[in-house]
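Here is the structure we will look at.
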Amino acid sequence: MDQNSNNNRGTGYAGRGRGRGRNRSGGGGRTGQGGGSYRPQHTQALRPDIESLQISEKKPPLDLSETTENRIVPINRPDKGGTDADRKVWLLANHFIVSFKPEDTILHYRIDIEPQMSRGPQPTRNFIPKMDHRRILNKLFSDDLTRLPDQKTAYDGMKFIFSKVPLPTGQFGGEDMENHRSPIFTITLVNELSYAKLKDYISGNHRCDPRDILQGMDLVMKENPSSQRISVGRSFYSRQFRQSDDLGCGIAAFRGFQQSLKPTSQGLALCLDHSAMAFCKHMPVIDFLMEHVWGFQEVNDVGKKKRDVAKALRGLNVYVTHRNTKQKFLVAGLSKDSAREISFTLENHEPPRETGLVEYFWETYNKKILYDDIPCLDLGRSKSNYVPVEFCTLVEGQRYPKEKLHREDEKRLKDISMPRPRERKSIIYEMVQAKDGPCGNVVRNFGIAVDKNMTRVVGRVLAPPTLTLRTPAGNPQVISVDRERCQWNLTRKSVMEGKPLKWWALIDFSVFDRFRLNSGRFIQKLRKKCSDLGIPVEEPVVCRFTGMRDLSSVAATQKLLDGVVKEANGKCNGRLQLFVCVMSEKHDSKKYLKWVSETRIGIMTQCCLVKHANNPKEGENDQYLSNLALKINAKLGGSNMELVERLPGFPGEEHVMFIGADVNHPAPRNTTCPSFAGVVATTNWPAVSRYVVRLCAQEHRKERIVDFGATCLDLVNTYARLNKVKPQKIVVFRDGVSEGQFDMVLNEELQDMKSAIYEDDYRPTITLVVTQKRHLTRMFVENERDGGRSGNVPPGTVVDTKIVHPFHFDFYLCSQHGAIGTSKAAHYNVLWDEHNFTSDQIQKLVYHLCFTSARCTKPVSLVPPVFYADLVAFRGRLYHDAAMESQPQSAASPSSSSAALLNEGFYKVHPYLKNEMFFV
């Protein structure tokens, strides 16, 4: 802070202390508006010998127009929705119909707030923090309610205001009395937004996405909760917490909701869902320390437990109570000395004089520092600014990272945030009607009304596919899936193809723990379970008994694994296939193990916890061992299960490849680390059980997959090398993009892919589907008897009416059985389709694919290609974290540019593993 004492209103003193997001076109499809387009000829299956197969290594030239007129757009729904159903159920969806008058408009203004020199003797800062914008604007509106009616405006907190009535434009001044600033406001009319444009879009009369009017209406719907609740991202949380939601340690679970506006086939809908988040409680800092720091019992413990106190408070925001201010201050740390030992120079005093912190507080604020023998909080930015702890209170709404919660508290938070269907539905109804919810006076003043009833919609429950396993004698056996849970068991059954595990090593990391692994029993049980499933497993070549300390760093992990490999090389003729690692607990050091083994050594790992490996009761952990065996077999190249019927939509003999793609981004507060793109592809048809992976780092938070075309070309060539034929049909599943990014996926990634893989005699037909799980739509059975024991919608429930897009080709599919909380359906958006799928065909295809996951004996919640791509992209994040810790401090510092990190070979999967399913 500045060293200007009397006007340093940050905390009361400043100075240095001394003493220290359908038109069809393309080959095989119907040509529509979107241009773009190719009509690839259906070529005969390519079946030459592998020696004569020509595999392209360069992108062939392809003229792709990039003009606005020729940009392709998402295709339209090809029919009125699907009709196939094993049975139908009536559902309630958390979509609340929003009505408006088409003749009404919203005025869109831009507001610029610039500081002006104050009228006092002290200069003001040359910027106004974002947190002060709304407060200053509220003051301006309250001063002139006639010209600036706050109940008819919505402000985004930064640059834009949406108003129902005209606002005065031009420059005029306001006043921020607290900080002696007289900011200059410049209000400019940007646009006049008509509700009629949105009505035309929803009715299908106008195909241009009315994003501007939707953004304006969305902001209007958020104005009431944003002014009365704690805003975090797109969520709004209550300022109070229930006593039952107190997690202890100064932390509590606060309940809230998320909301969004969606154009649907039944009209504009408000989608609202429940959420919960852990926050630090709004309380005096001393009280927080007593709850949060172990052993902290009285104020004087600030000095005794200085390191723990600094760790607990650093990075938190506080208010000060010794003067009247709403300003927030970030805790930088603690003072080196106690309050009575801190002194500084009053530079604005004539003449400048020396004073102590205790004397300053008494003379300036008439406040006596009661605890003057303990350190103060440092609330300075560039310079120290010390304030006694007793005058500091935690700011409300400060998110507490869930990864820092104790295991029991993390489970409680999870339980609160994942209520069962009946409770979640009740909470949603309660929040849509709440006074601090989305339906306040501002919404009504804009001519918007919300129906408080959920949307009633029919769901079709698709029949599960029949599966093929083997009998213990090795004969194929057709099994039916349980209709309620869609699960199947492996009792007296074997996998379709069990790969032998001949050379493997057991690494036990529990040797120094209270509960050690019973290694002999575990090896015996694992070998027996694998044998029962038709997976031959020999005795381990090496058994290494150690502790978690050998995973404490990259160097220690490398030394351990190198030693195991060296010992194994002296005992067997072949190369080790697998490290089976039994760990004492879930630990962050697992990243070292994965990075060293999968990028440096080229041997796969299978981790498990000692509490599961040691389960003494016969049969109690049978399912756990079965899942372990399934993962091991998949990693070795085996096939666990196959569908009896060929996947829907592909009746011919042409080869089909499925591609999954996803991008993993760093945490929001991280500004330098690269993002990681994971792309996977099937290599066996029609079983689609084997996948190869490609992982690459790219620029920080860049969603477009760089060199997606080259990656797809590599995958197509890999398929050709393994099958002696290129795939004639390709289905791409893209995960993690919003509606606003559909254009990028279609006109950049898809076009890049076509440009890369197309040749004169090779133009496969392509379908592109975007999958979304981070949406707010929830569905509940209207009659609870339809929900079975869990109360959730049945697995296989598909909805493609009312709550879907007015004309795009999308649907919701809940493929999984929801045993915990409330099931969430995946949202599938078919953006491009050269296979002419009907709604029934694509829905059945996706549902049947969900049964092919190698990790479990039930359908997964998201189609496996993107489920696997997500695992691969996250693996890149683990590799990065481990690699950075292995570098010198200067190279691994947060200031390292992401571009420099991209040039390193930190993330390249070992050649032995890149065509194996090491990630399952």
Among rounded, prolate and oblate, which fits region 420-551 when a ≥ b ≥ c are the square roots of the eigenvalues of its C-alpha gyration tensor, a/c under 1.5 means rounded, and a/b larger than b/c means prolate? oblate
Roughly speaking, what % of Cα-Cα pairs in region 506-612 are separated by over 18 Å, rounded to a whole number? 48
List the chymotrypsin sites (Phe, Trp or Tyr not before Pro) within region 237-336 that DSSP assigns to loop and that have no more than 13 neighbouring Cβ atoms inside 10 Å. Trp294
Using the Cα centre of the chain as the reference point, and only Cβ charges (+1 on K/R, -1 on D/E), how large is the resulting charge dipole? Debye, rounded to the nearest 20. 1740
Could you give the radius of gyration (one decimal) and Dmax (whole number) of the Cα atoms in the chain, in Å? 31.1, 99
Residue-normalised value, i.e. accessible area per residue, for region 269-374 at 1.4 Å probe, in Å², stands at 51
Which cross-chain or sequence-distant (5 or more) residues have an amide H under 5 Å from the amide H of Thr455, H modelled 1.01 Å from N in plane? Ala93, His95
If each part is reduced to its alpha-carbon centroid, region 463-482 and region 221-249 end up apart, in Å, by 50
Please list 3J(HN,Hα) in residue order for region 562-573, calculated via the Karplus relation 6.51 cos²θ - 1.76 cosθ + 1.60 where θ = phi - 60°; whole Hz, with x for glycine and proline. 4, x, 5, 5, 4, 5, 5, 4, x, 10, 9, 7
What value, in deg cm²/dmol to 500, does the helix sum -39500 (n - 2.57) over DSSP H runs of n ≥ 4 give at 222 nm once divided by the residues of the chain? -7000 deg cm²/dmol
Would you list which lysines come within 19 Å of Lys435, measuring only between C-alpha atoms, while excluding same-chain residues fewer than 8 positions from it? Lys152, Lys222, Lys425, Lys452
Work out from phi, with θ = phi - 60° and the Karplus expression 6.51 cos²θ - 1.76 cosθ + 1.60, the ³J(HN,Hα) of each residue of region 690-695, listed in order in whole Hz, and give x for Gly and Pro. 10, 10, 10, 10, 9, 10
So which lysines can Lys336 reach, going by Cα to Cα under 24 Å and dropping same-chain residues fewer than 8 places off? Lys304, Lys305, Lys306, Lys311, Lys328, Lys367, Lys368, Lys383
Over region 225-346: Kirkwood hydrodynamic radius from C-alpha pairwise inverse distances, Å: 17.5
Let me make sure I get this right: for region 794-871, a, b and c are the square roots of the gyration tensor eigenvalues over alpha carbons, sorted descending. Under 1.5 in a/c it's rounded, otherwise prolate if a/b > b/c, else oblate. Which is it? oblate
Placed amide H near Leu462: partners under 5 Å, 5+ positions off or other chain: Asp86, Thr797, Val798
Pairwise label distance in nanometres, Met744 with Glu885, each label 7 Å out on the Cα-Cβ vector: 3.1
What part of the accessible area of the chain, given as a whole %, is carbon or sulfur when the probe is 1.4 angstrom? 47
Nearest 20 debye, what's the magnitude of the dipole of region 218-364 about its Cα centre given +1 on Lys and Arg Cβ and -1 on Asp and Glu Cβ? 560
Low-density loop cleavage sites - trypsin sites (Lys or Arg not before Pro) in region 723-825, where at most 13 other Cβ are within 10 Å (DSSP): Arg774, Arg789
Using the Cα centre as the reference, give the magnitude of the dipole from point charges on the C-beta atoms of region 599-753 (Lys, Arg: +1; Asp, Glu: -1; all else neutral), rounded to the nearest 20 debye. 580
Using all alpha carbons of region 373-438, what is the percent of pairwise distances in each 10 Å bin, ordered from the shortest bin to the longest? 15, 22, 28, 19, 14, 2
Taking N as the residue count of region 159-287, its alpha carbon Rg divided by 2.2 N^0.38 Å gives 1.44
Residue-normalised accessible area of region 448-530, given per residue in Å² at a 1.4 Å probe: 50
Unit Cα scatterers, Debye sum, region 479-530: log10 I(q)/I(0) for q = 0.15 Å⁻¹: -0.69
note: region 773-825, Cα-Cα separations exceeding 16 Å make up a percent value of 41
Could you state the number of Å between the C-alpha centres of region 724-738 and region 403-439? 37
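The values are calculated or read from the model by the stated rules, or taken from the named source; none is laboratory data. The structure displayed is predicted, hence computed values, not measured ones. Positions of Cβ are backbone-derived with ideal geometry, glycine not excepted, and every protein chain shown enters the neighbour counts. These accessible areas exclude ligands, DNA and RNA; they are computed on the full protein's heavy atoms, side chains included. Shrake-Rupley method; radii C 1.70, N 1.55, O 1.52, S 1.80 Å.
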